[in-house]
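The block underneath contains the structure these notes are about, expressed in structure tokens.
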Number of protein chains: 2
Amino acid sequence: MAKLYSSFVSKTQQIADIGNSIAVLSWDKEVNLPKGSARFRSQQISTLATLAHSFAVDKKYRRLVEKLAADKSLNRQQKKNVKLTLESIEKATKFDSAFVKRRSELVSQAYHDWVKAKEANDHTVFLPALEKLLVLNKEEAEILGYKKHPYDALLDIYEPKLTVAKLDGLFKPLKRDLKKILRKINATKQIDNTFLFKRYSKNTQWQYGLDILEQIGYDFNIGRQDISIHPFTTSFSSQDVRVTTRIDENDFSNMLWSCIHEGGHALYEMGLPAEQYGLPLGEAVSLGIHESQSRLWENNVGRSLPFWKHNFKSLKKKFPKQLEGVSLRKFYKAINKVSPNLIRTEADELHYHFHVIIRYEIEKELMEGTISVNDIKTQWNKKYKSYLGVDVPDDARGMLQDIHWSHGSFGYFPTYSIGSLYAAQLYVQAKKDIEGLETQISKGNSTPLLAWLRENIHIHGRMYHPEQLCKRITGEGLNSKYFLKYAMEKYSDVYGIR
Amino acid sequence: MAKLYSSFVSKTQQIADIGNSIAVLSWDKEVNLPKGSARFRSQQISTLATLAHSFAVDKKYRRLVEKLAADKSLNRQQKKNVKLTLESIEKATKFDSAFVKRRSELVSQAYHDWVKAKEANDHTVFLPALEKLLVLNKEEAEILGYKKHPYDALLDIYEPKLTVAKLDGLFKPLKRDLKKILRKINATKQIDNTFLFKRYSKNTQWQYGLDILEQIGYDFNIGRQDISIHPFTTSFSSQDVRVTTRIDENDFSNMLWSCIHEGGHALYEMGLPAEQYGLPLGEAVSLGIHESQSRLWENNVGRSLPFWKHNFKSLKKKFPKQLEGVSLRKFYKAINKVSPNLIRTEADELHYHFHVIIRYEIEKELMEGTISVNDIKTQWNKKYKSYLGVDVPDDARGMLQDIHWSHGSFGYFPTYSIGSLYAAQLYVQAKKDIEGLETQISKGNSTPLLAWLRENIHIHGRMYHPEQLCKRITGEGLNSKYFLKYAMEKYSDVYGIR
């Protein structure tokens, strides 16, 4: 049986090798591809994707995995790898090749239409494709199956075991209490953060970003940072994890917190067990937990007073003119300024959740059939007015702003909020478990925190599903009260509210 | 039948997609890979290589190609694609998977041993692996088959139709006449090229290299240059062709002519017909013809007086101090300085052939069995003394200097000389065909030359084998007299010999 398991490992790793090759080609596409070189790259990626899929649903491979699933001599980790692989196979084989082909053709058409619609600033250009994608997602939900709500089937793709019921339970108090906090904030004096929009030179920003990445534990021996239009993290194994960033000379925040955010994602990937390469236990457990790692470093650490107690001096040295006369406290307040806006990716920590909730509510109702794609714009704009108090001036800055729907991804957005909520809950636990955690951070030492994340989260790969993992670590399932407590504490300090 | 051909194209392109993905992963390995990230990269490349091979020798694919080979309705280009593909399949299927596996294992062991041997500066560390590789190459020759000499089978891998008989015919006058020329050069005054070894700043060299690449027609819209330890050209399609270089601040020649050399390779790849992507007619015809393109640009153009008539002014602007008091003529002589040396890759245009001939003679005798691997060192050192007049001080600078044997490549070296010979013969023809070619070059306009190469060589892919191609263009097969005439003319001018 040892031989059977090892041939399972080698076949599974082969599929992972192809997947990681796709990741290399995609990274290269975003980071290095010459302008005129797109022509054959998509074809190359698509050939590899087709291969990986055909191997993953190969009947002989499935029989091997099924045989192993019945094997009682495997150890706990081996069993888990086999079980999760079998689940993936079962999921993948639910879709016949005609469906897969239709989906892939539809997505490339939809992406094309979305780009055109955004350029034309006209949502109606995107609606026909979006309608087809919705139909497809409904079909997909039926094929995958669900207990209560068709949307549950889609949520589960990105965040195992996540359901509408759970999300409603999380979002209800979140909406209510965040509104209260924001009302209080709005009643106070505006924070001055104009010095963050002075000219910060590219090279110095770049170097500072590298320094901060190194400080939080990003290992440049097995990683590198490059420039791309949209910052992202990618991994070709836990031993080769790369981040990208972008630099805006007139907006200091743009790069630095995206650096720390991607750094957080990367630390998770770097912490996955290398000996489980290509196997489920060598993979991140969910998008929500992944996002919890990036948010924890970006917000709970990277926008905290202890972090800047240590780093503000070196930052001032790099940018003496831009930060002349700015105190640590003024800086801390500025980087935590709260104000409603139109674009999700530019939102502050508090408003961010409303951006997500709006998308969640719309997707849920679309899946229920209580609204149609023709209603999205009205719903979108109404909700932005009601939740964020902003008027949506056009479609490009409205319902066309995100790429996700053009990829056919429904159920993805909630993982962003889930990530923040997990981050807050985990950070509370980390402070309990690590004596003097924030004192250490204020001395520039985040090693104890990284070690804690490694031990409690990273090293387990997909051994526990997100909710299980959260319970193991914090003693309870995800609860939005931790985020709300964190928000109240932080913004009491920043805005003097109570 | 049109449907059959199109399914042949799609299957063949799929194999090419995998091959090009390997090329991306390999490029990334040389250019970007973080120091500690090697662990899974070789496995990823090897998985893709195994896949590509298994598809290439797939029985269903072979039947498809065989069926098409009997189809008379195909046009000339289609026929050629089918014929060359069938030949490749037949060649590949001659080796059973046990042989392929043995070869690949042996090569990784041999590479490892070679690195160790070079570090230890001790050829005996490499000999056992080299002996096994020789045995393997002999087997390979028998499997592939040959008419006269076992070495012919290996030569044909890199340069279709090249044989020992042909090479002996080319090398005999080359050896004889080059010796005469070198004797005359040695009797003249040494050229002063010390100003090429002043400090040339990295950034300015880099920028100058980019300018020169652009000038010779390298298209940065579908290409890019990066830094790597050993300069190379790679291509992921004719629409994505990348070069690398290295910079030595204390040796100006190191980068610039390597830039032009790789640029020449790249111009060939960029000139291959995009509509034949992945098919034989979209591929370069041979290593020798490839090398002819790099050498033609590097030497016939890049070390010529007309080229520097145009460029010397801009070079002096970039490096005014380093080139103070250096005239165009002095510069031209310096960049064509001839002197014997130990290392092939650092040799001048004339001595280069002796480096190759030494390797050729040794490989030939190894394949004949007239010498054994134990004799290589003695033979090597004796020949270096006799042909180049230099004493080989150690193994690292002797028989261990090249990577080729560690890859199991016997028969590769001759293509380097063949490339120079082709370059000279082609350049003579280009000057006949293009009125005022060198006047144009002296005005910074090499477009007519590139257009000529495109039309006569690049666009044909593998339509004609090298000798055919040469006959079509120049009216005769490869003849070393053109190189000798070029050398005599150039060095008469540079050294005043007659």
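Among the candidates A:ALA284, A:ALA266, which residue alone is at pLDDT 95 or above and buried (at least 24 other Cβ atoms within 10 Å of the Cβ)?
A:ALA266
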Q: Name the single residue, out of those in the stretch A:31-42 being surrounded by fewer than 17 Cβ atoms within 10 Å (Cβ to Cβ) and assigned to a helix (DSSP H, G or I), that is nearest to the other protein chains (Cβ to nearest Cβ).
A: A:ARG39
Q) Right, A:LEU106: more than 11 Å from chain B (Cβ to nearest Cβ), more than 23 Å from B:ARG41 (Cβ to Cβ), among the hydrophobic types (A, V, I, L, M, F, W, C) and within 26 Å of the chain's Cα centre (by Cα) or not? A) yes
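What are the residues in the stretch B:1-20 that are among the hydrophobic types (A, V, I, L, M, F, W, C) and in contact (Cβ under 8 Å) with a residue 12 or more places away in the chain, if any? Break it down stepwise before answering.
First, pick out the residues of the stretch B:1-20 that are among the hydrophobic types (A, V, I, L, M, F, W, C): B:1-2, B:4, B:8-9, B:15-16, B:18.
Across the stretch B:1-20, the qualifying residues are B:MET1, B:LEU4, B:PHE8, B:VAL9, B:ILE15, B:ALA16, B:ILE18.
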Q. Does A:ASN254 count as over 24 Å from A:TYR387 (Cβ atoms), in the same structural domain as A:PHE354 (by TED's automatic domain parsing) and either modelled with pLDDT of 95 or more or among the aromatic types (Phe, Trp, Tyr) (or both)?
A. no
Q. What tally of residues in the stretch A:43-78 results from selecting those that are more than 14 Å from chain B (Cβ to nearest Cβ) and outside any helix (DSSP H, G or I)?
A. 7
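For the stretch A:1-21: of the residues being more than 10 Å from every other protein chain (Cβ to nearest Cβ) and not hydrophobic (A, V, I, L, M, F, W, C), which is surrounded by the most Cβ atoms within 10 Å (Cβ to Cβ)?
Initial filter on the stretch A:1-21 (more than 10 Å from every other protein chain (Cβ to nearest Cβ)): A:1-9, A:11-12.
Going one step further and asking which of them are not hydrophobic (A, V, I, L, M, F, W, C), we end up with A:3, A:5-7, A:11-12.
Details: A:LYS3: 7, A:TYR5: 18, A:SER6: 10, A:SER7: 13, A:LYS11: 19, A:THR12: 24.
Among those that are more than 10 Å from every other protein chain (Cβ to nearest Cβ) and not hydrophobic (A, V, I, L, M, F, W, C), it is A:THR12.
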Q.
Being out of contact with any Cys (no Cβ under 6 Å at 6 or more places or on another chain), farther than 21 Å from B:ILE22 by Cα and among the polar types (S, T, N, Q) narrows it down to one residue among B:SER294, B:SER235; which is it?
A. B:SER294
**Q.** Members of the stretch B:414-452 found to be within 14 Å of B:VAL301 (Cβ to Cβ) and within 17 Å of the chain's Cα centre (by Cα), listed by number
**A.** B:SER420, B:ALA423, B:ALA424, B:LEU426
(Q) Just to check your reading of the model, which residue among B:LEU144, B:LEU134 is modelled with pLDDT of 95 or more, over 23 Å from B:THR12 (Cβ atoms) and in the same structural domain as B:LEU279 (by TED's automatic domain parsing)? (A) B:LEU134
Q) Within the bounds of the stretch A:65-78, is there any residue that is under 17 Å from A:ILE15 (Cβ atoms) and free of Cβ contacts under 8 Å to residues at least 40 places away in the same chain? A) yes
Q. What is the number of the single condition among (1) touching a residue at least 12 places away in the same chain (Cβ under 8 Å); (2) surrounded by fewer than 16 Cβ atoms within 10 Å (Cβ to Cβ); (3) within 14 Å of another protein chain (Cβ to nearest Cβ) that A:VAL24 does not meet?
A. (2)
Q.
Restricting to the stretch B:461-483, give me the number of residues that are out of contact with any helix residue (DSSP H, G or I) (no Cβ under 8 Å at 6 or more places or on another chain), part of a helix (DSSP H, G or I) and either surrounded by 20 or more Cβ atoms within 10 Å (Cβ to Cβ) or in contact (Cβ under 8 Å) with a residue 40 or more places away in the chain (or both).
A. 1
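Any residue that is part of a helix (DSSP H, G or I) and loosely packed, with under 14 Cβ neighbours inside 10 Å - is there at least one of those in the stretch A:144-162?
Pass one, the stretch A:144-162, residues part of a helix (DSSP H, G or I): A:144, A:150-158.
Now restrict to residues that are loosely packed, with under 14 Cβ neighbours inside 10 Å: none.
Scanning the stretch A:144-162 turns up no residue that is part of a helix (DSSP H, G or I) and loosely packed, with under 14 Cβ neighbours inside 10 Å.
Scan the stretch B:474-489 and give yes if some residue there is under 28 Å from B:GLU275 (Cα atoms) and of a type outside the set (D, E, K, R), otherwise no. Write out each step before concluding.
Keep residues of the stretch B:474-489 that are under 28 Å from B:GLU275 (Cα atoms), which gives B:474.
Then keep just the ones that are of a type outside the set (D, E, K, R); that gives B:474.
Yes, that holds for at least one residue.
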Q: Kindly check whether there is at least one residue in the stretch A:484-494 that is in contact with a helix residue (DSSP H, G or I) (Cβ under 7 Å, 6 or more places away or on another chain) and assigned to a loop (DSSP other than H, G, I, E, B).
A: no
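Being in the same structural domain as A:PHE410 (by TED's automatic domain parsing), within 25 Å of A:GLN190 (Cβ to Cβ) and part of a helix (DSSP H, G or I) narrows it down to one of A:ASN300, A:ASN336, A:ASN341, so name that one.
Values: A:ASN336 fails: part of a helix (DSSP H, G or I); A:ASN341 fails: part of a helix (DSSP H, G or I).
The unique qualifying residue is A:ASN300.
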Q) Which is in contact with a helix residue (DSSP H, G or I) (Cβ under 6 Å, 6 or more places away or on another chain), more than 14 Å from chain B (Cβ to nearest Cβ) and of a type in the set (A, V, I, L, M, F, W, C), of A:LEU323, A:LEU272? A) A:LEU323
Q | Wholly enclosed helices (runs of 4 or more DSSP H) of the stretch A:373-455 bearing at least 3 residues free of Cβ contacts under 8 Å to residues at least 40 places away in the same chain | A | A:376-383, A:414-433
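The values are calculated or read from the model by the stated rules, or taken from the named source; none is laboratory data. Not measured: the values here are computed from a predicted model. Positions of Cβ are generated from backbone atoms using ideal geometry, with glycine treated the same way; all protein chains shown enter the neighbour counts.
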